[in-house]
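The values are calculated or read from the model by the stated rules, or taken from the named source; none is laboratory data. Because the structure is a prediction, the values reported are computed rather than measured. All Cβ positions, even for glycine, are placed from backbone atoms using ideal geometry, and neighbour counts span all protein chains on display. Each accessible area value is taken on the protein alone, full model and side chains, heavy atoms only, with ligands, DNA and RNA left out. Shrake-Rupley method; radii C 1.70, N 1.55, O 1.52, S 1.80 Å.
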Amino acid sequence: MENDPGQKQSVQMWVDADACPNAIKEIIFRAAKRTNCPLTLVANHPVQVPAYVEMLVVPAGFDGADNKIVELLKAEDLVITADIPLAAKVLEKGGYVFTPRGDEYTARNIGDRLSVRNLLESFRGGAEPVGGGPPPLNNKDKANFANRLDRFLAKHHP
């Protein structure tokens, strides 16, 4: 049976769950339930999810969750991640990428983000950052993410 060319295809949401804040996962769970959008969390360890959410546990190892997401996603799918190299791979496959703070990675900004990330990594010599990391998630970040996700699903999910 062929798809109606005028009909929207159902998108899948993928979450790089190892580092996704719980507050953002809750927003995603509610949006998936409300819109009946398929949702899969991918992580190196089990994460508790509602019955309507799929949880994929991959073996621990470098980029295991990232590689599984890239392997399974299709063009037009949405990936939630703060991982810039993963975001670049998703964009190459025609997917969409939001950070847990609601920023969108696009073909226009991913090159700059990768360059900055690689430069900072070279300064650290590949070591983990000392004491840094992003500031804690605040209510504005959560609202920004929820609004971007709602707009995306209204536009891309039937």
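What's the number of the condition V47 fails, among (1) aliphatic (A, V, I, L, M); (2) loosely packed, with under 13 Cβ neighbours inside 10 Å; (3) within 22 Å of D141 (Cβ to Cβ)?
With (1) aliphatic (A, V, I, L, M); (2) loosely packed, with under 13 Cβ neighbours inside 10 Å; (3) within 22 Å of D141 (Cβ to Cβ) applied to V47, the lone miss is (2).
Out of the range 50-64, which residues are in contact with a Leu (Cβ under 6 Å, 6 or more places away or on another chain) and open to solvent by 40 Å² or more (accessible area, probe 1.4 Å)?
Passing the criteria: only M55.
Quick one: is K33 of a type in the set (K, R), modelled with pLDDT under 95 and on the phi < 0 side of the Ramachandran plot? Break it down stepwise before answering.
Details: of a type in the set (K, R): yes; modelled with pLDDT under 95: no; on the phi < 0 side of the Ramachandran plot: yes.
So K33 fails the test.
Based on what the data block shows, is L120 part of a helix (DSSP H, G or I), more than 12 Å from the chain's Cα centre (by Cα) and at pLDDT 60 or above?
no
What strands (runs of 3 or more DSSP E), lying completely within the range 25-116, carry at least 3 residues that are in contact (Cβ under 8 Å) with a residue 12 or more places away in the chain, among the aromatic types (F, W, Y) and in contact with a helix residue (DSSP H, G or I) (Cβ under 7 Å, 6 or more places away or on another chain)?
No strands (runs of 3 or more DSSP E) qualify here.
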